[in-house]
Amino acid sequence: MPHLLKLTIHATPGAKRTEAAGDYAGALRVRLGAPPVDGKANAALIDWAAQAFGVPRIKVTLLHGAAGRQKTLGIELGSSAALAEARAQVARWMAGPET
């Protein structure tokens with residue numbers, strides 16, 4: 001039985017590198033090292049999420065917001081333990097950089 005993490009993203013394309021960058025109005029801000037042209041930013045976001053959560057790219061789906069900055073990703077994880085760890089990781093990113 002798959003476990004789905006729905007993740008609200010505020011995308012910032014055109015950054016120097018792709019990385020999580022804290023909270024933005026209740027969404028996870030992700031800086032994307034790709035321009036918002038020809039779907040490159042969306043592809044970079046999906047690649048980042050697959051790598052960050054350790055899942056194949058096919059397990060990451062853009063559920064909403066293909067043409068805007070506000071997006072919703074669906075990330076299919078293999079177990080409830082993986083889902084709990086993914087939620088904990090998102091909470092760490094939302095808290096911002098460690099000082």
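FYI, it's all coordinate maths here, none of it is from the lab. Just so we're clear, the structure is a prediction, and the values are computed from it rather than from any experiment. When we count neighbours, we look across all protein chains shown, and the Cβ atoms used for this are built from the backbone with ideal geometry, even at glycine.
Odds and ends about this structure:
- Counting beta carbons within 10 Å around each of LYS16, LYS71 and listing the fewest first gives the order LYS16, LYS71.
- The candidate values were (1) 17, 52, 28, 3; (2) 15, 43, 26, 13, 3; (3) 13, 44, 31, 10, 2, 0, 0; the one computed from these coordinates for P(r) over Cα pairs in 10 Å bins from 0, in percent carries the label (1).
- Using C-alpha pairs below 8 Å separated by at least 6 residues, the relative contact order for the chain is 35 percent.
- If you count Lys pairs in the chain whose Cα atoms are under 16 Å apart, skipping same-chain pairs closer than 8 places in sequence, the total is 4.
- DSSP finds beta bridges in the chain, and of those with both partners inside it, around 75 percent are antiparallel.
- Put the Cα centre of the stretch 1-46 next to the Cα centre of the stretch 62-99 and the gap is 10 Å.
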